[in-house]
Amino acid sequence: METSIRNSLLAWFRREKRQLPWRGTTDPYRIWVSEVMLQQTTVAAVRPRYDAFLERFPDVSTLADASEDSVLAAWSGLGYYARARNLRRAAQIVVRDHEGRIPDDPLALRSLPGFGEYMSAAVASLAFGSRLPAADANVDRVLSRVFVIRGRTGTRAHRLRVLEAADRILPSRRAGDLTAALMDLGQTVCTPRAPRCPECPIRTSCVAYRTGTVSRYPEKKAKEPFVDVPTAAAAAVSGGRALLVRREAGWLSGMWEFPSAAGASPAAARRALRARLAELGLGLDRGAPLGSANHTIARRRLAIRVFPASERRGTKRRSSADVGWFSGADLENAAVPTLTRKIARACGLLPARD
Ligand code: SF4
């Protein structure tokens, strides 16, 4: 059965493989950047950003020399900014410890920032042809169905069973092709909802298909419920520029944001914002909100009202490494998350849609 799956998948991949910007290369840097971008982000969202990122940072040493600000700016809108910070830190270590060459040893890869079990195996397999199983969410889904692997996806026990299954079908040479074939199959045929089983090249070997149990695999982990978070943000705009503050810690560390605060209710959020603004020498102006925006991040649904604000009399205009004034045009090339762009649209600093 394993041989049949392997041969059918590789034949299908030769015929049907998708033309993606990171395909057809064994350059480990290009493969690494694509894999980092594709973590938590769809192919459709990565496609237009991948070439632009590589144009700006064409190789490991350029990335290692770049400022964190410029790397975050190039990552703006892709989310999960720790990925970009790790990418740059790992590039610096590759330059410092490996003469600028990404190591082909999976253990050496694993020691780099951002290289977990999957990333090390994916780069080693796709770039260097190492015979290492790598299972992203697509591979996990395909193999869970083909081999009816029980257990909740995302758990260590389930992942080990998936990796064992992948190991059984990997060829001894060009293992990366089989890994890429499984990824493609999961993205285009064996999709989470409504998989196209009648067109699948391995349907005759797929136990879930043969037993009519496809919808049971993989077993999903229960999702945490969404939490609604009333949020207030301040737009202090002067001379066509808005005051933004740089986030010091957390996921968005290093990114520029409008001052904001959350609360148990919209009124509580506004009170918390007032206190936050006092620290910055700002105050809320009278009047209705300038606009509103919604944003979801990590199961938190932010309902944001944007209030006008201005500097308090006698306050010296602040501008430092952590406080800056940005025009709409400045935001195009700055390290700003999607939420900042939404608030900029809500207060008129950016046009209604980018
Ligand atoms: Fe997925 Fe269906 Fe193919 Fe099985 S037969 S691998 S469930 S698409």
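A short reminder: the numbers here are calculations on the coordinates, not readings from a lab. This structure is a prediction, so every number in the text was calculated from the model and none was measured. Using ideal geometry, Cβ is built from the backbone for each residue, glycine included, and neighbour counts are taken over all protein chains shown.
I'd like the orientation of helix 266-279 relative to the chain: the angle between its Cα long axis and the longest Cα principal axis, in ° from 0 to 90, rounded to 10.
For helix 266-279, the angle is close to 70 degrees.
Pairing the Cα long axis of helix 82-97 with the longest principal axis of the chain, what angle in degrees results, from 0 to 90 and rounded to the nearest 10?
70
Loop only per DSSP, at most 11 neighbouring Cβ atoms within 10 Å: give me the GluC sites (Glu not before Pro) in segment 193-273, ordered by residue number.
Listed in order of number, the matching sites are Glu248.
Quick one: work out the % antiparallel among DSSP beta bridges in the chain, nearest 5.
Antiparallel bridges make up about 65 percent of those DSSP assigns within the chain.
Stretch Ala11-Arg313 to full length: gain in nm at 0.36 nm per residue minus the Cα-Cα span?
Length gained between Ala11 and Arg313: 101.5 nm.
Suppose a student asked you for the relative contact order of segment 1-107, using Cα pairs under 8 Å spaced at least 6 residues apart; what percent would you report?
23
Within 10 Å of each residue's Cβ, count the other Cβ atoms and sort Arg299, Arg88 from fewest upward.
Going from least to most buried by this count: Arg299, Arg88.
What do you get for the angle between helix 137-146 and the principal long axis of the chain? Use alpha-carbon atoms, 0 to 90 degrees, nearest ten.
Roughly 30 degrees, rounded to the nearest 10.
Taking 7 Å along the Cα-to-C-beta vector as the label spot, tell me the Arg299-Thr3 distance in nanometres, rounded to one decimal.
4.7
Working from the alpha-carbon coordinates of the chain, get Rg over Rh, Rh being the Kirkwood radius.
1.05
In units of 2.2 N^0.38 Å, what is the alpha-carbon radius of gyration of segment 1-142?
Segment 1-142 yields a ratio of 1.08.
Which aspartates and glutamates, on any chain, are close to Lys223 with Cα under 19 Å apart, when same-chain ones fewer than 8 places away are left out?
Those aspartates and glutamates meeting the cut-off are Asp136, Asp140.
Relative contact order for segment 54-95: what is it in percent, counting Cα pairs under 8 Å that are at least 6 residues apart?
Computed value for segment 54-95: 53 percent relative contact order.
Two decimals is fine: what is log10 I(q)/I(0) at q = 0.16, 0.23, 0.29 Å⁻¹ for segment 121-183, from a Debye sum with one equal scatterer on every Cα and no solvent?
The calculated log intensity ratios at q = 0.16, 0.23, 0.29 Å⁻¹ are -0.44, -0.86, -1.23.
Below 8 Å, C-alpha to C-alpha, sequence gap of six or more: please give me the relative contact order for the chain in percent.
For the chain, the relative contact order is 16 percent.
Would you please give the residues with an amide H less than 5 Å from that of Leu290, counting only those at least 5 places away or on a separate chain, with H modeled from the backbone geometry?
Amide H neighbours of Leu290, under 5 Å, 5+ apart: Val306, Phe307.
Pick from Ala91, Ala74, Ala82: which residue has the top mean-square fluctuation in a GNM of the chain where Cα pairs under 10 Å get a spring?
Its mean-square fluctuation being the largest, the pick is Ala82.
Taking 41 Å as R0, compute the FRET efficiency from the Cβ-Cβ separation of Glu279 and Arg47 and round it to 0.05.
0.50
Given Phe258, Leu273, Ala298, which one lies farthest toward the positive end of the charge dipole of segment 247-345, if we put +1 on the Cβ of every Lys and Arg and -1 on the Cβ of every Asp and Glu?
Sorting the options by dipole projection puts first Leu273.
If we count every other residue with Cβ under 11 angstrom of Leu182's Cβ, Lys/Arg +1 and Asp/Glu -1, where does the sum land?
For residues surrounding Leu182, the net value is -2.
Using the Kirkwood radius over C-alpha pairs as Rh, can you work out the diffusion coefficient of segment 228-333 via Stokes-Einstein at 4 °C, viscosity 1.567 mPa s, in µm² per second?
Taking Rh from Cα pairs, D becomes 91 µm²/s.
At 10 °C and a viscosity of 1.306 mPa s, what translational diffusion coefficient does Stokes-Einstein give for segment 153-278, taking Rh as the Kirkwood radius over Cα pairs? Give it in µm²/s as a whole number.
The calculation lands on 80 µm²/s.
Give me Ser238, Ser292, Ser205, Ser172 sorted ascending by neighbouring Cβ count inside 10 Å, so fewest comes first.
The fewest-first ordering by Cβ neighbours comes to Ser172, Ser238, Ser292, Ser205.
For segment 15-93 and segment 239-281, what is the centre-to-centre distance using only Cα atoms, to the nearest Å?
A separation of 29 Å, based on Cα centres.
Given the options Ala242, Ala91, Ala74, identify the residue whose Cα lies farthest towards the positive end of the charge dipole of the chain (+1 on Cβ of Lys, Arg; -1 on Cβ of Asp, Glu).
Projecting each Cα onto the dipole axis, the largest value belongs to Ala242.
Counting other beta carbons within 10 Å of each Cβ, put Ser4, Ser130, Ser34, Ser61 in order, fewest first.
Going from sparsest to densest Cβ surroundings: Ser4, Ser61, Ser130, Ser34.
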